[in-house]
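Visitor: Can you read through this structure? Questions will come right after.
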Amino acid sequence: MIDESDKKILDLLQRDGRLTNAEIADRVGLSVSAAHRRVKQLEAEGVITGYSAKVDRSAAGLNVLAYIFVKLDFHTEEHLAIFEKQVNLIDEVVSCSAISGAAGDYILQVVARDMDAFAEVALKKLVRLPGVKDSSSNFVLSTMKQSAGWPLSI
């Protein structure tokens, strides 16, 4: 069970994964050894799944961000597994989630250098995957909020 100290630690690490145990301890009000122990426990329990750098998408040359809704022809376990396996092989697809509603069966977040590169992904990779019936793309024009992590205080 995650307590308030764990939530504070997680909030700090989501904002800056490079904090030392001493910095975490100071900000949460724990001893360094207690902070270290809690971080290790959160890692062991799979609450913390890794550490990474936040990269500015545009500065890295990925100027197009889109969400693609995908509808499939078939919904058997075998067809879904094949689709999911193939989507995981496309580097430009940075996230893929099964969804409910009429918009589609999956929503994919896709990045590309430019519109030509996006068209290559959408028209030559995604729609040609086995079982894809339909897709529709929605382009991000601007981002008003980009979360540093999950809102653990709710």
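What follows is calculated from the coordinates using simple rules that are stated; it is not laboratory data. Computed from a predicted model, the values in this text were never measured in an experiment. Here Cβ is always computed from backbone atoms with ideal geometry, including for glycine, and neighbour counts include all displayed protein chains.
Visitor: Once both axes come from the Cα atoms, what is the angle between helix 32-44 and the longest principal axis of the chain, in degrees from 0 to 90, rounded to 10?
Guide: 30 degrees
Visitor: Taking only C-alpha pairs under 8 Å that are 6+ residues apart, what is the relative contact order of region 4-44 in percent?
Guide: Reported as a whole number, the value is 36 percent.
Visitor: Taking Cα atoms, how many degrees apart are the long axis of helix 4-15 and the longest axis of the chain, rounded to 10 and kept between 0 and 90?
Guide: Helix 4-15 sits at roughly 60 degrees to that axis.
Visitor: Can you give the angle from 0 to 90° between the axis of helix 77-87 and the longest principal axis of the chain, with both taken from C-alpha atoms, to the nearest 10?
Guide: 80 degrees
Visitor: Please state the relative contact order of region 71-120 as a whole percent: Cα pairs under 8 Å, 6+ residues apart?
Guide: So the answer I get is 31 percent.
Visitor: A further question on this structure: Can you sort ARG38, ARG57 so the residue with the fewest Cβ neighbours within 10 Å comes first?
Guide: The fewest-first ordering by Cβ neighbours comes to ARG57, ARG38.
Visitor: May I pose another question? For LEU72, which sequence-distant residues (separation of 5 or more, or a different chain) have an amide H within less than 5 Å of its own amide H, given hydrogens modelled in the peptide plane?
Guide: ASP105, LYS133
Visitor: Suppose only helical runs count, i.e. DSSP H with n ≥ 4. What mean residue ellipticity at 222 nm does that imply for the chain under -39500 (n - 2.57) per run, divided by all residues and rounded to the nearest 500 deg cm²/dmol?
Guide: -9500 deg cm²/dmol
Visitor: Report the one residue of LEU62, ALA103, ILE90 whose Cα lies farthest in the direction of the positive end of the charge dipole of the chain (charges on C-beta: Lys and Arg +1, Asp and Glu -1; origin at the Cα centre).
Guide: LEU62
Visitor: Let me ask something additional. If a paramagnetic tag sat 7 Å from the Cα of ASP91 along the Cα-Cβ line, which residues of region 50-72 would have the backbone N under 15 Å from that point?
Guide: Answer for this model: 60-63.
Visitor: Could you name the lysines whose alpha carbon sits less than 25 Å from that of LYS145, not counting residues in the same chain fewer than 8 places away?
Guide: Filter leaves LYS7, LYS8, LYS54.
Visitor: Fewest first, what order do TYR51, TYR67 take by the number of other Cβ atoms within 10 Å?
Guide: Ranked by crowding around the Cβ, least crowded first: TYR51, TYR67.
Visitor: Can you give the FRET efficiency to the nearest 0.05 for VAL127 and ARG57, using r as the Cβ-Cβ distance and R₀ = 30 Å?
Guide: About 0.80, to the nearest 0.05.
Visitor: Given an 8 Å cut-off on Cα distances and at least 6 residues of separation, report the relative contact order of the chain as a percent. Provide the component values of the computation, followed by the final result.
Guide: Details: 174 pairs, mean separation 42.1, N = 154.
27 percent.
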